[in-house]
Amino acid sequence: MQNTAVKKKKKDVIIEINEAWCKGCAICVELCPEDVLAMEKGKVKVVNLEACTACGFCELRCPDFAIVVIDKGKLSKQDE
Ligand code: SF4
Ligand code: SF4
């Protein structure tokens, strides 16, 4: 099951969470410096996408590859 959050803000970022793979370890929630993520019913949820800096820590540290961060600003090179 795919849960995709897309929203316009200063960082044009998409966070994709594959809930089927997420085991609810909360590593990503604890690592995120911006409190973008939170646990809900044993799965991770994007709760504050506007604050995401696309640092990629959550994706890097997820042991189950359940979270993917796509920095669209980087792709299109339109960063302010
Ligand atoms: S680190 Fe991965 S498996 Fe753990 S809660 Fe986050 S998305 Fe789920
Ligand atoms: S990319 Fe960085 S700021 Fe964004 S949710 Fe992941 S850890 Fe948090």
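Anything in segment 7-16 that is near ligand 2 (Cβ under 10 Å from one of its atoms) and part of a strand (DSSP E or B)? List them, or say none. V13, I15 - these are the residues of segment 7-16 that are near ligand 2 (Cβ under 10 Å from one of its atoms) and part of a strand (DSSP E or B). The numbered conditions (1) within 12 Å of ligand 1 (Cβ to nearest atom); (2) modelled with pLDDT under 95 are all true for E30 except (2). Checked against (1) surrounded by 13 or more Cβ atoms within 10 Å (Cβ to Cβ); (2) of a type in the set (A, V, I, L, M, F, W, C); (3) within 11 Å of the chain's Cα centre (by Cα); (4) at pLDDT 95 or above, A5 passes all but a single condition, namely (4).
The values are calculated or read from the model by the stated rules, or taken from the named source; none is laboratory data. In this text, all values refer to a predicted model and were calculated from it rather than measured experimentally. In this analysis, Cβ positions are derived from the backbone assuming ideal geometry, glycine residues included, and neighbour counts consider all displayed protein chains.
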